[in-house]
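Shown next, in structure tokens, is the structure this report addresses.
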Amino acid sequence: MPEVKVRRTGIERADVESVLKDALGDGYQITQTGDNSLDVRKNFFVRARVNMRAEPGGTVFNVRGSGTPIPLLIFTMMWVNNQGIAKRIAAALGSREEFRDNG
């Protein structure tokens, strides 16, 4: 599960959603699944969950691939999505200039 810590604090969920839409492009659905989490889906099989939490000196994003709710596929798809979409999301969040500092 990729984890990214950025130096900026006070990041809003809407900011994260905007960054992900910008980085991933069209074809991805981003929905709120909790106070500090988002679900990112391209289709039934390609999906990931982004959880964020504030820590001293920054914000931490935990990104993990999700599996389909089919018992035989769930672990395989979690692994595939951790290697694909989750890494892509983590790279997008970690490389954004606006998340690098509080200035």
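Details
- Among the residues of the range 63-103, those identified as among the charged types (D, E, K, R) and either assigned to a loop (DSSP other than H, G, I, E, B) or within 12 Å of the chain's Cα centre (by Cα) (or both) are R64, K87, R88, R96, R100, D101.
- In the range 25-38, residue nearest to the chain's Cα centre (by Cα) [restricted to those that are among the polar types (S, T, N, Q) and in a strand (DSSP E or B)]: S37
- Residue pairs whose Cβ atoms lie under 9 Å apart, separated by 6 or more positions or on different chains, with the first residue in the range 74-101 and within 22 Å of T59 (Cα to Cα) and the second hydroxyl-bearing (S, T, Y) and surrounded by fewer than 20 Cβ atoms within 10 Å (Cβ to Cβ), are I85/Y28.
- Check on F99, closer than 23 Å to A14 by Cα, at pLDDT 90 or above and of a type in the set (F, W, Y): no
- Residue within the range 12-24 that is over 17 Å from E98 (Cβ atoms) and either in contact with a strand residue (DSSP E or B) (Cβ under 8 Å, 6 or more places away or on another chain) or in a loop (DSSP other than H, G, I, E, B) (or both) present: no
- Selection from the range 46-64 of residues that are in contact (Cβ under 8 Å) with a residue 24 or more places away in the chain and surrounded by 16 or more Cβ atoms within 10 Å (Cβ to Cβ): V46, R47, A48, V50, M52, G58, T59, F61, N62, V63, R64
- Counting only residues that are surrounded by fewer than 16 Cβ atoms within 10 Å (Cβ to Cβ) and under 19 Å from S95 (Cβ atoms), the range 16-45 holds 5 of them.
- Residue in the range 72-90 that is buried (at least 19 other Cβ atoms within 10 Å of the Cβ), closer than 19 Å to N36 by Cα, in contact with a helix residue (DSSP H, G or I) (Cβ under 8 Å, 6 or more places away or on another chain) and at pLDDT 90 or above present: yes
- The range 4-50, residues that are modelled with pLDDT under 90 and hydroxyl-bearing (S, T, Y): T9
The values are calculated or read from the model by the stated rules, or taken from the named source; none is laboratory data. The model shown is predicted, which means the values in this text are computed figures rather than measured ones. No Cβ is skipped: glycine too gets one built from the backbone with ideal geometry, and neighbour counts run over all protein chains shown.
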